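Chemist: Please see the structure below; I have some questions.
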Amino acid sequence: MNTFEQVVDEYGAGRLWVASFVAILVAGLGAVLAFPRAVWDRFLWHYFWGPVYADAEAASCAVMTDSGPEPLYEGCTAAVQQGRIVAEPGYTVVSEIGYMLILVYMLVGVYLLLDRLEIAEDPKLYFAFVPFMLLGGALRTVEDATDRAIEAGFAPIVDYPLSSLIISPVIYGTLFVMTLATLILCLKLDREGYVDSYYRSTAAVGGVLVAVTILYLTGVAMTTEYSTLYPSVLLTTVGLATVLSYGLYRAFESFAPEVNDGTGYIGLVVIWGHAIDGVANVVLADWLDVLNVPLTYYPKHPANAFIIATTEALQPAGLTAAIGTSWPFLVVKLVVASLVVWLFNEEFLDESPRYALLLLVAVTAVGLGPGTRDMLRATFAI
């Protein structure tokens with residue numbers, strides 16, 4: 001046994017993870033205090049918190065000044081040319097890499113927690129988390145409604161800084177806390193005999209929260225001037241995503257059964273979640289006019305923007321006019337999701353069921369959450 005294994009055996013992996021988390025926070029705080037301009041202003045605020053702040057203020061961008069951050073509703077290009085520290089809503093390559101690293105690190109912590117609780121070996125728990133993935137997109141749409149209210153001159157539905165809790169990527173942390181709290185409560189009720197199944201109870205709580213949020217957004221659309229209901233977007237997105245994902249699932253069953261052998265219907269949901277994201281992007285980018293939705297949306301993710309720009313450069317103009325330029329994003333989504341499902345073979349799930357389940361939840365969430373947000377945003381014209 002080497003030194004590292006001895007340390008893990010003596011203190012426990014969970015305690016070591018908590019200690020590392022505290023150490024990272026202390027080191028980060030120390031770096032901010034020691035070098036505020038370089039660490040906070042030019043890195044953490046510029047790439048991570050500044051975009052959240054600008055989004056929460058419904059601003060075109062935000063600039064860091066000597067007295068603190070300031071939202072700008074015009075003049076962002078000029079601010080960049082002046083050499084000011086400017087943050088725009090959305091993601092950058094740096095922030096996406098950073099969030100990916102944070103996600104991997106937090107997944108390790110969640111795995112250790114689930115291991116301590118001795119749960120998450122039953123695949124049924126995966127389906128209990130699906131409503132919370134939908135809830136993330138729905139809550140993100142509530143924040144979009146807040147931005148639209150501000151733009152229309154109305155009092156915001158949720159004001160800053162509270163609104164930052166439901167802005168990407170902070171909302172992932174918010175949903176994590178909500179899901180974990182629900183899971184632990186339902187697990188306690190299950191073990192004390194108050195409910196029959198903690199995973200069914202968890203799913204029920206998530207389902208109720210989604211329903212309440214959708215009803216609230218519907219009420220906003222019915223009673224305000226800045227939101228309008230376009231159910232055709234919802235029906236088109238869900239319909240096409242369902243047809244495409246189920247068609248792929250059945251094709252795999254017939255011609256490549258090894259793809260579905262490990263995950264079964266979980267794999268179908270994984271593909272469906274990313275199909276929702278892909279179809280929603282295509283609809284919002286190229287097909288809103290066909291659905292008579294008078295809105296315009298632009299991609300916030302660098303990968304999506306790159307795919308669209310590349311398609312515009314390579315695709316003939318006539319074809320672009322006919323089918324748009326965002327369709328390769330949907331193809332990429334379906335291919336990548338299918339490859340992920342294929343990687344989760346039966347042997348992997350049998351040997352590491354808890355770890356595999358956690359990864360499948362994460363893979364689904366990064367597709368279904370943003371896809372639900374895009375779909376609902378256009379559905380409620382916000």
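The values are calculated or read from the model by the stated rules, or taken from the named source; none is laboratory data. Keep in mind that what you see is a predicted model, and the values were worked out from it rather than measured. With ideal geometry, Cβ positions are generated from the backbone for all residues, glycine too; neighbour counts draw on all protein chains shown. With ligands, DNA and RNA removed, areas are computed over all heavy atoms of the protein, side chains included. Shrake-Rupley method; radii C 1.70, N 1.55, O 1.52, S 1.80 Å.
Chemist: Just one of the numbered conditions (1) open to solvent by 10 Å² or more (accessible area, probe 1.4 Å); (2) in a loop (DSSP other than H, G, I, E, B); (3) under 20 Å from GLY137 (Cβ atoms) is not true of SER227; which one?
Modeler: Status for SER227: all satisfied but (1).
Chemist: Could you grab me the full set of residues in the stretch 80-108 that are over 19 Å from the mean Cα position of the chain (by Cα) and either surrounded by 17 or more Cβ atoms within 10 Å (Cβ to Cβ) or under 30 Å from ASP190 (Cα atoms) (or both)?
Modeler: Hits for the stretch 80-108 are ILE85, VAL86, ALA87.
Chemist: When VAL332 is evaluated against the numbered criteria (1) exposed (fewer than 12 other Cβ atoms within 10 Å of the Cβ); (2) under 19 Å from the mean Cα position of the chain (by Cα), which criterion, by number, is the only one it fails?
Modeler: Evaluating VAL332 over (1) exposed (fewer than 12 other Cβ atoms within 10 Å of the Cβ); (2) under 19 Å from the mean Cα position of the chain (by Cα) leaves (1) as the failure.
Chemist: All but one of (1) under 29 Å from VAL158 (Cα atoms); (2) not in a helix (DSSP H, G or I); (3) not aromatic (Phe, Trp, Tyr) hold for ILE102; state the number of the condition that does not hold.
Modeler: (2)
Chemist: Could I ask something else about it? Six or more apart or on different chains, Cβ atoms under 7 Å: show the pairs whose first residue is in the stretch 92-112 and under 27 Å from ALA305 (Cβ atoms) and whose second is modelled with pLDDT under 85.
Modeler: Going by the 7 Å Cβ cut-off, the qualifying pairs are THR92/PRO302; VAL93/PRO302; GLU96/PRO302; TYR99/PRO169.
Chemist: So LEU139 clears everything in (1) of a type in the set (A, V, I, L, M); (2) in a helix (DSSP H, G or I); (3) farther than 18 Å from THR372 by Cβ except one condition, right? Which one?
Modeler: (3)
Chemist: Follow-up. Enumerate the helices (runs of 4 or more DSSP H) found wholly within the stretch 293-375, keeping only those where 3 or more residues are over 28 Å from PHE255 (Cα atoms) and of a type in the set (A, V, I, L, M).
Modeler: Qualifying helices (runs of 4 or more DSSP H): 302-314, 317-323.
Chemist: Scanning for something among the charged types (D, E, K, R), modelled with pLDDT under 95 and in contact with a helix residue (DSSP H, G or I) (Cβ under 7 Å, 6 or more places away or on another chain), does the stretch 189-196 turn up at least one residue?
Modeler: Yes - at least one qualifying residue is present in the stretch 189-196.
Chemist: Is it fair to say SER168 is small (Gly, Ala, Ser) and more than 20 Å from the chain's Cα centre (by Cα)?
Modeler: Here the answer is no, as SER168 does not meet what is asked.
Chemist: Another question, if that's okay. Do we have any residue at all in the stretch 257-266 that's under 16 Å from THR379 (Cα atoms), surrounded by 18 or more Cβ atoms within 10 Å (Cβ to Cβ) and of a type in the set (S, T, N, Q)?
Modeler: no
Chemist: Looking at the stretch 309-347 only, could you name the residues that are among the β-branched types (Val, Ile, Thr) and touching a residue at least 60 places away in the same chain (Cβ under 8 Å)?
Modeler: VAL336, VAL340, VAL341
Chemist: If you don't mind, another one. Would you pick out the residues in the stretch 230-247 that are open to solvent by 50 Å² or more (accessible area, probe 1.4 Å) and among the aromatic types (Phe, Trp, Tyr)?
Modeler: TYR246
Chemist: Looking at the stretch 27-79 only, could you name the residues that are part of a helix (DSSP H, G or I), exposed (fewer than 14 other Cβ atoms within 10 Å of the Cβ) and not basic (Lys, Arg)?
Modeler: Hits for the stretch 27-79 are ALA27, GLY28, LEU29, GLY30, LEU33, ALA34, PRO36, ALA38, THR77, ALA78.
Chemist: Then there is this: Restricted to the stretch 355-369, and to residues that are buried (at least 20 other Cβ atoms within 10 Å of the Cβ) and modelled with pLDDT under 90, which residue is farthest from PRO131 (Cα to Cα)?
Modeler: ALA356
Chemist: Just checking, does the stretch 257-280 include any residue being among the polar types (S, T, N, Q), at positive phi and not in a helix (DSSP H, G or I)?
Modeler: So far as the stretch 257-280 goes, no, none of its residues is among the polar types (S, T, N, Q), at positive phi and not in a helix (DSSP H, G or I).
Chemist: Residue by residue through the stretch 227-265, note down the ones that are among the hydroxyl-bearing types (Ser, Thr, Tyr) and touching a Phe, Trp or Tyr at 6+ places or on another chain (Cβ under 7 Å).
Modeler: SER227, THR242, SER245, THR263
Chemist: Output yes when any residue across the stretch 207-220 is of a type in the set (Ser, Thr, Tyr) and outside any helix (DSSP H, G or I), and no when none is.
Modeler: No - not one qualifying residue is present in the stretch 207-220.
Chemist: Sort out which residues of the stretch 370-382 are within 14 Å of PHE132 (Cβ to Cβ) and of a type in the set (Asp, Glu), and write them in order of number.
Modeler: None; the set is empty.
Chemist: Determine if the stretch 182-196 includes at least one residue that is hydroxyl-bearing (Ser, Thr, Tyr), open to solvent by 30 Å² or more (accessible area, probe 1.4 Å) and not in a helix (DSSP H, G or I).
Modeler: yes
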